[in-house]
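Below is one structure, written out as C-alpha cells; the observations come after it.
The values are calculated or read from the model by the stated rules, or taken from the named source; none is laboratory data. This structure is a prediction, so every number in the text was calculated from the model and none was measured. Here the Cβ is made from the backbone with ideal geometry for all residues, glycine too, and neighbour counts use every protein chain on show. Just so you know, the surface numbers come from the protein's heavy atoms only, side chains and all, with ligands and any DNA or RNA stripped out. Shrake-Rupley method; radii C 1.70, N 1.55, O 1.52, S 1.80 Å.
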Amino acid sequence: MFKNILLTVDLEHADTWIKALPLALETAKASRARLHVMTVVPEVAVPALMQAGPYDYETKLVPVAKTALDQFVREHVPSDIDTHQIVTYGGIYREILRVAAEIPADLIVMAAHRPQPGDFLIGSNAERVSRRAGCTVMLVR
C-alpha cells in the first residue's frame, strides 16, 4: 500500500512521537515500506539573538540533532524495518513538505496537538502540512 513513509519527530518532546511512532512502525511493517524518520532543527529567528552577531546555528545544531536522531532510531525502531534518517534545518512545516516531495512520501505520520489560541490565527505545523501535502497525512493525537 505504501512505499515511503515519513515520520516526523521532535526529539525534545516525546509527545510528538510517542503515539505516532507505533502507528508508523505498524504501517511500515504491513506495507513493507521504507520508514524515513525526520527531525527539523528550527531556524533561529529571534531578533535579540540575531543582533548579537553572526552565529551559524545550522552548522552547530544539525550535527547534534543527527547524533540524537541516530540514537532515537537505534532505541525505538526495530532493525528489520528499512529506515532512513533525515535531519534538516529551517521552517518546520516547509521542511516537512519539501522532504515529503523529495522522497517522494506516500504517507506522512505526525503528531497533532489540541489547538492552542495562536493556532487559529496562523495554524499549527500539522495543520499546514495536512493542507498542503501531496500525499496522505496521518495526524495522531
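Filter the range 86-101 down to residues that are of a type in the set (A, V, I, L, M) and over 9 Å from the mean Cα position of the chain (by Cα) and give me whichever is most open to solvent (accessible area, probe 1.4 Å).
Step one: of the range 86-101, the residues of a type in the set (A, V, I, L, M) are 86-87, 92, 96-97, 99-101.
Right, trim to over 9 Å from the mean Cα position of the chain (by Cα) and you get 97, 99-101.
Details: Leu97: 37, Val99: 5, Ala100: 10, Ala101: 77 Å².
My answer is Ala101.
Given the criteria at pLDDT below 95 and touching a Phe, Trp or Tyr at 6+ places or on another chain (Cβ under 9 Å), does Ala52 qualify?
Taking the combined requirement at face value, the residue does not satisfy it.
Please verify whether Glu43 is closer than 24 Å to Leu139 by Cβ, touching a residue at least 24 places away in the same chain (Cβ under 8 Å) and crowded, with 18+ Cβ neighbours inside 10 Å, treating the condition exactly as stated.
So Glu43 fails the test.
Please list, ordered by residue number, the strands (runs of 3 or more DSSP E) wholly in the range 1-110 having 1 or more residues that are charged (D, E, K, R) and over 21 Å from Ala126 (Cβ atoms).
Result: 34-42.
Within the set of pairs 6 or more residues apart or between chains, which connect a residue that is touching a residue at least 60 places away in the same chain (Cβ under 8 Å) and open to solvent by 30 Å² or more (accessible area, probe 1.4 Å) inside the range 9-21 to a residue that is part of a helix (DSSP H, G or I) and small (Gly, Ala, Ser) with Cβ atoms less than 8 Å apart?
Close Cβ pairs (under 8 Å, with a partner that is part of a helix (DSSP H, G or I) and small (Gly, Ala, Ser)) amount to Leu11/Ala65; Leu11/Ala68.
Sort out which residues of the range 122-141 are of a type in the set (D, E, K, R) and in a helix (DSSP H, G or I), and write them in order of number.
If the condition is that a residue be of a type in the set (D, E, K, R) and in a helix (DSSP H, G or I), then Glu127, Arg128, Arg131, Arg132 are the ones that fit.
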